[in-house]
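What follows is one structure encoded as structure tokens, with my remarks underneath.
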Amino acid sequence: MTEKTIFKRIIDGEIPADVVFEDEHCLAFRDVNPQAPTHVLVIPKKEIASLDAVADEDAPLMGHLHRVIRDLARTLKLEEGYRVVVNCGPNGGQTVDHLHFHLLGGRPLSWPPG
Ligand code: AMP
């Protein structure tokens, strides 16, 4: 059996997180190494390793996650705008093999990314 990812351990309540939202399908918590005044990670409770591992049947879940992100941005008062980032694979900078959406806001964000 492969080892649990750190995010699966958070879902299972084995390690603490600063949770800002939870429902039956997903969990949102503050990133421990924030890159902006607001930096929240939104993750599905279903174990999906990356965006590349999303199945066609996950489309409703992906839609749900985006609705949650939209609502969180409002709750967290990111009315000036925000960025949603999914790092995928080594070249994408993914370090945790559990699909996660970075919700970043609270300052102007430059483009292009590094
Ligand atoms: P990525 O590089 O896209 O895979 O993003 C992984 C993110 O998870 C990074 O921004 C880390 O700071 C964050 N992270 C790692 N461990 C934890 C944790 N225990 N609680 C909250 N965020 C974490």
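The values are calculated or read from the model by the stated rules, or taken from the named source; none is laboratory data. Note that this is a predicted model, so its numbers are computed, not measured. No Cβ is skipped: glycine too gets one built from the backbone with ideal geometry, and neighbour counts run over all protein chains shown. These area figures cover heavy atoms from the full protein model, side chains too; ligands, DNA and RNA do not enter into them. Shrake-Rupley method; radii C 1.70, N 1.55, O 1.52, S 1.80 Å.
Annotations for the structure displayed:
- One residue alone among Leu65, Leu41 is within 12 Å of the ligand (Cβ to nearest atom), modelled with pLDDT of 95 or more and not acidic (Asp, Glu), and that residue is Leu41.
- Those helices (runs of 4 or more DSSP H) of the stretch 1-97 in which at least 2 residues are under 25 Å from Pro112 (Cα atoms) and open to solvent by 40 Å² or more (accessible area, probe 1.4 Å), considering only elements entirely within it, cover 59-75, 89-92.
- Qualifying residue in the stretch 2-19 (condition: more than 11 Å from the ligand (Cβ to nearest atom), touching a residue at least 24 places away in the same chain (Cβ under 8 Å) and over 13 Å from the mean Cα position of the chain (by Cα)): no
- Those residues of the stretch 98-114 which are within 18 Å of the chain's Cα centre (by Cα), outside any strand (DSSP E or B) and over 20 Å from Ile11 (Cβ atoms), in sequence order: Gly106, Leu109, Pro113
- Whenever a residue of the stretch 88-99 is among the charged types (D, E, K, R), its partners that are more than 8 Å from the ligand (Cβ to nearest atom) and assigned to a loop (DSSP other than H, G, I, E, B), lying with C-beta atoms within less than 7 angstrom and at least six residues away or across chains, give the pairs Asp97/Thr5; Asp97/Ala49; Asp97/Ser50.
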